[in-house]
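What follows is a single structure, written as structure tokens, with notes after it.
The values are calculated or read from the model by the stated rules, or taken from the named source; none is laboratory data. Source: prediction; values computed, not measured. A quick note on method: Cβ atoms are made from the backbone with ideal geometry, for glycine too, and the neighbour counts reach across all protein chains shown. Surface accessibility is based on the protein's heavy atoms, side chains included, excluding ligands, DNA and RNA. Shrake-Rupley method; radii C 1.70, N 1.55, O 1.52, S 1.80 Å.
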Amino acid sequence: MFSVTLSEAIAFDTHRFVKRLTGTGFTEAQAEALADEQVHLLNSNMATKQNLQELEGIQKQQLIELQGEQRQQLTRLEGRLQQQMAELKADLLKWMIGALIAQTGVIVGLVLGFTGS
């Protein structure tokens, strides 16, 4: 099994780099200049521990803000649901009262119809 630690993954052997370039026809000065630039590029593109901590802080802050927004949205949704439920209860009560009045009218009509004949 092959395992590479972070320090091994970003290690750069400048001596090997210079040796390889000089072996393919570069002058030692050219090879050293390229090696220096390569080291500079690697170092400038690596995140430092401080960079990572700053990113972590930003992400935590964004998560806190997102959670706050979600709580506000949930509260608004709960309020709207409660309002809609109250409106539905009122509509249902109106229908039930109307049905009760109609049923009472039918019963009174039938009673009067049976007693009047």
* **the chain, accessible surface, carbon-and-sulfur percent (1.4 angstrom probe)** => 61 percent
* Could you work out the helix-only [θ] at 222 nm for the chain, with each DSSP H run of four or more residues adding -39,500 (n - 2.57) and the total divided by the number of residues, to the nearest 500 deg cm²/dmol? -> -30500 deg cm²/dmol
* **Accessible area (Å², per residue) of the chain, counting only protein heavy atoms and a probe of 1.4 Å** => 92 Å²
* Structure fact -> Projecting the Cα atoms of Gln73, Ala86, Ile101 onto the charge dipole of the chain, where Lys and Arg contribute +1 and Asp and Glu -1 at Cβ, the residue farthest towards the positive end is Ile101
* Could you give the size of the charge dipole of the chain about its Cα centre, using +1 on the Cβ of each K and R and -1 on the Cβ of each D and E, expressed in debye and rounded to the nearest 20? => 720 debye
* With unit charges on the beta carbon (Lys/Arg positive, Asp/Glu negative), name the residue among Gly113, Asn45, Thr22 whose Cα is farthest towards the positive pole of the charge dipole of the chain. => Gly113
* Structure fact -> With 0.36 nm assigned to each residue of separation and the Cα-Cα distance removed, Glu37 to Lys60 gains 4.7 nm
* Asked: Among [x] 23.2; [y] 14.5; [z] 17.5, which is the computed Kirkwood radius over Cα pairs in Å?
  -> [x]
* To do: Note the angle between two axes, namely the Cα long axis of helix 14-23 and the longest principal axis of the Cα atoms of the chain, as a number of degrees from 0 to 90, rounded to the nearest 10.
  => 60 degrees
* Structure fact -> Accessible-area order for His40, His15, largest to smallest, probe 1.4 angstrom, reads His15, His40
* To do: Determine ³J(HN,Hα), in whole Hz, for all residues of region 101-114 in sequence, where each value follows from phi through the Karplus function 6.51 cos²θ - 1.76 cosθ + 1.60 and θ = phi - 60°; x replaces Gly and Pro.
  => 5, 5, 5, 4, x, 5, 5, 4, x, 5, 4, 5, x, 6
* Compute the distance in nm between two label points, each set 7 Å from the Cα along the Cα-to-Cβ direction, one at Lys49 and one at Leu93. => 6.7 nm
* What does the accessible area of Glu54 come to, in Å² to the nearest 10, when a probe of 1.4 Å is used? -> 90 Å²
